[in-house]
Amino acid sequence: INPSRDLAPHYVPAVMTLATGRMLTGLNVGHDIDGKQELFIDAEGELFGVDPDQIEERRPSERSIMPDDIYKQFTIRDIRDLLALLEQE
């Protein structure tokens with residue numbers, strides 16, 4: 001219900017300001033095959049790459065990339081299925 005309440009360290013998104021002044025936020029998922037770009041996933045689940053040399057500033061985000069109200073998209077059946085899955089863990 002509140003995905004930003006407790007973020008595990010490896011799920012903290014980066015907020016970046018590029019040399020162009022553009023700001024981007026994404027969860028770091030590694031590097032491209034050539035190792036020239038860092039790869040990130042944004043809040044819409046889209047993968048994007050950034051040249052590390054173009055990042056002027058990088059700081060950890062205080063907010064998860066998961067929307068706060070994502071639970072509103074779930075049906076009662078989705079919630080039951082999720083709870084059943086969590087009970088198995």
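The values are calculated or read from the model by the stated rules, or taken from the named source; none is laboratory data. It should be emphasised that the depicted structure is a prediction, and the values quoted were computed from it without experimental measurement. Positions of Cβ are backbone-derived with ideal geometry, glycine not excepted, and every protein chain shown enters the neighbour counts. Areas reflect the complete protein model, heavy atoms only, side chains present, ligands, DNA and RNA absent. Shrake-Rupley method; radii C 1.70, N 1.55, O 1.52, S 1.80 Å.
Looking only at residues in segment 1-42 that are of a type in the set (D, E, K, R), over 17 Å from residue 68 (Cα atoms) and surrounded by 10 or more Cβ atoms within 10 Å (Cβ to Cβ), the one that is farthest from the chain's Cα centre (by Cα) is 36.
Pairs meeting the criteria (first residue in segment 69-89 and among the hydrophobic types (A, V, I, L, M, F, W, C), second residue assigned to a loop (DSSP other than H, G, I, E, B), beta carbons under 9 Å, at least 6 apart or on different chains) are 70/1; 70/3; 82/74.
Out of the residues in segment 29-88 that are in a strand (DSSP E or B) and among the aliphatic types (A, V, I, L, M), which is nearest to residue 17 (Cα to Cα)? Break it down stepwise before answering.
So in segment 29-88, the residues in a strand (DSSP E or B) come out as 29-31, 38-41, 47-50, 55-60.
Keeping just the survivors that are among the aliphatic types (A, V, I, L, M) gives 29, 39, 41, 47, 50, 55.
Values: 29: 18, 39: 15, 41: 16, 47: 17, 50: 11, 55: 6 Å.
Top of the filtered list is 55.
Considered as a group, the residues in segment 43-74 that are open to solvent by less than 80 Å² (accessible area, probe 1.4 Å) and among the aliphatic types (A, V, I, L, M) include one that is farthest from the chain's Cα centre (by Cα), and that residue is 55.
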